[in-house]
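Worksheet: the structure to be examined is printed underneath.
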Amino acid sequence: MANEPATWLTSLLGEYFRCCSAVQGEVRVRFAPSPTGFLHLGGLRTALYNYIFAKKYGGSFILRLEDTDQSRLVPGAAESIEDMLEWAGIPPDESPRRGGPMGPYLQSQRLGLYSQTAQQLVESGHAYYCFCSPQRLELLKKEALRTGQTPRYDNRCRHLRADQVQEKLANGAPHVIRFRLEAGAEPFQDLIFGWTCHEVAQVEGDPVVIKADGFPTYHLANIVDDHYMKISHVLRGSEWLISTSKHYLMYRALRSTFPPLPLLMNKDGSKLSKRQGDIFIQSFQRDGVLPEALLDITTNCGSGFNTNRVGRRIDELISEFNPSKITTHSALLDLEKLPEFNRIHLQQSIEDEKQCLVFIKDLQELIQQAYAAEIQDKEVLHEDYIRRVLHLRKGHISSLKELLSPLYSYLWVRPSFSSQQVAAFTAEAQHIASLVLKLVEERGETLAVDELSKDLKTLAKQVKGTKYKDVMKLLRLALSGLQQGPSVAEMMVSLGPAEISHRFQKLIKQPVPHGLTEIK
């Protein structure tokens, strides 16, 4: 019996990845964060791999919140974690919000289950009551540090006689329940790291499984919940690898009730955020990062796929996921590449009409917030106008918010420029403006960038006293008030015939400059 868990695990992993169809519909994985903080990039990555794994094999993705450390709970964190998973496009199938057949999904609502299991461990001799005071435990810690040893509990209370325990309980003595670690931890075969074993009894004291407040610790709640929620596979960061031997001792103690779990350890999990600092998903959302780009970059930097390429959406991540390709190598996330990922996904999304409409509505709000008092023509808020801008700029911008920068203000607000700026380019401004007005009238409502670029070259040849480059600088100034940005032809197509005419009529009416004046 002692070798059953590891043997069963090894067999299942081998068969599972050779023939995944054998477990279609049986896969249940979970993401189990603690709402002691908001979701960060490392957590999102762990959730993403669980989601991909579940969907790859027709299974379920469960969100379970481990809120047993009541003193460290952050208000709003639990709701925000689920909000961010939904925003990222990887919503759980079962969760505190959605419910499900294996709930409740908050550990604080499952206390009776943990208490019952702890009592079973005590009655079977695998756990015991500990009455050591916090002061004594602190003294043990200080003494260990003073002598250069790793602090650990000395297991004193495991030697109390039954009558001593009953007396203390009868007197209402504060206590916890500790699990009795025994020598002889079983080796287990992890899919990524191979055969592994940690003799935890040699380096750790007996761990607490039920705290003085009646709440369970992670180790007990984790295996109890995984059992009752019928979790089939665990994908998590490699920092949890050392705890697995401890969990197996608990499984063995409860072997009549609990089956072992196959563990898939993800070396590329939450370690990413620890190297980069806590990077909260809400900050990416505020900065205009698309969820598709965030999911793409967090998988692109790691393993689990036959090839890494930029631009994969969630359905492609699921179809291309290959668990056997997960490696032990750490993945370093280069966030400097995130704008490029976002640019590619923004381009793809703009080409999707449904998503484009979402962007249009977002931009309508953002434009009004940024330029409300300066907008002279409400046409810039029209759906068709914004759609035209998005399609012209797709592939060039990395976020929607770029379109609100000064470089693109000409799209929403008519520019101001001085007559001195005009004179610096040419003395033929009115003539050039009249040629542009004639061109726009001839072209009508149909303007295209390529054709307009050719037309502008032809137009420049009609101006004898001004070089081509200065003609273009004048047109750019009249259209945007700037000397950088998209091509002049694209600016004109973006603005449309009516607005082009308005801006060049203003240039025609410009007086001959006498000193510095400004055209508005």
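The values are calculated or read from the model by the stated rules, or taken from the named source; none is laboratory data. Model, not experiment: these values are computed from the prediction. Quick reminder, even Gly has a Cβ in these numbers, built from the backbone with ideal geometry, and neighbours come from all protein chains shown. Quick note on the areas: whole protein, heavy atoms, side chains included, nothing else; ligands and nucleic acids left out. Shrake-Rupley method; radii C 1.70, N 1.55, O 1.52, S 1.80 Å.
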Worksheet item: Amide H to amide H under 5 Å from Phe305: which residues, 5+ apart in sequence or cross-chain, H placed 1.01 Å off N in plane?
Response: Asn322
Fill in: From phi via Karplus (6.51, -1.76, 1.60), per-residue ³J(HN,Hα) for region 448-464 in Hz, x at Gly/Pro
10, 4, 4, 5, 5, 4, 5, 4, 5, 5, 5, 4, 4, 5, 7, 9, 7
Worksheet, complete the sentence: Phi-derived 3J(HN,Hα) across region 342-354 with the Karplus relation (6.51, -1.76, 1.60, θ = phi - 60°), rounded Hz, x for Gly and Pro, is 5, 4, 5, 6, 5, 4, 4, 5, 4, 6, 8, 4, 5
Discussion item. Going by amide H atoms built from the backbone, whose H comes under 5 Å of the H on Ile210, apart from near neighbours?
Written reply: Ile177, Thr217
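I'd like the FRET efficiency for Lys469 and Glu86, computed as 1/(1 + (r/R0)^6) with the beta carbon distance as r and R0 of 51 Å, rounded to 0.05. Mind showing how you got there, number by number?
On the way: r = 51 Å, r/R0 = 1.01.
Calculated value: 0.50.
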Worksheet entry | Contour minus Cα-Cα distance for Asp384 and Ala427 (0.36 nm per residue) | 11.8 nm
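For Ala144 and Arg156 in the same chain, what is the full-extension length gain: residue separation times 0.36 nm, less their Cα-Cα distance, in nm? Present the calculation step by step, with values, prior to reporting the outcome.
Working: separation 12, 0.36 × 12 = 4.32 nm, distance 1.54 nm.
Difference between extended and current length: 2.8 nm.
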Worksheet item: How about region 403-489: which GluC sites (Glu not before Pro) there are in a DSSP loop, with at most 13 other Cβ atoms within 10 Å of their Cβ?
Response: Glu445
Fill in: Student exercise, region 80-126 dipole from Lys, Arg, Asp, Glu Cβ charges, in Debye to nearest 20
140 debye
Practice prompt. Scan around Arg30 for amide H atoms under 5 Å from its own, H built in the peptide plane at 1.01 Å from N, and keep only partners 5 or more places away or cross-chain.
Written response: Ile62, Leu235
Worksheet entry | Pairs beyond 23 Å (Cα-Cα), from Lys473/Lys506; Lys55/Lys361; Lys469/Lys506; Lys454/Lys509; Lys361/Lys438 | Lys55/Lys361; Lys454/Lys509; Lys361/Lys438
Discussion item. Give me the 1.4 Å probe accessible area per residue for region 398-520, excluding ligands and nucleic acids, in Å².
Written reply: 49 Å²
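Please find the FRET efficiency linking Gln109 to Asp377, where r is the Cβ-Cβ separation and R0 is fixed at 60 Å, and quote it to the nearest 0.05.
Values: r = 56 Å, r/R0 = 0.94.
So, using R0 = 60 Å, E works out to roughly 0.60.
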Discussion item. Which aspartates and glutamates, if any, have their Cα less than 19 Å from the Cα of Lys378, not counting same-chain residues under 8 positions apart?
Written reply: Asp362, Glu365, Glu445, Glu499
Item to complete: Between the alpha-carbon centers of region 116-171 and region 54-115, tell me the distance in whole angstrom.
Response: 32 Å
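With +1 on each Lys and Arg Cβ and -1 on each Asp and Glu Cβ, and nothing else charged, work out how big the dipole of region 102-173 is about its Cα centre, in Debye to the nearest 20.
Details: 10 positive and 6 negative charges, 56 e Å.
Approximately 260 debye in magnitude.
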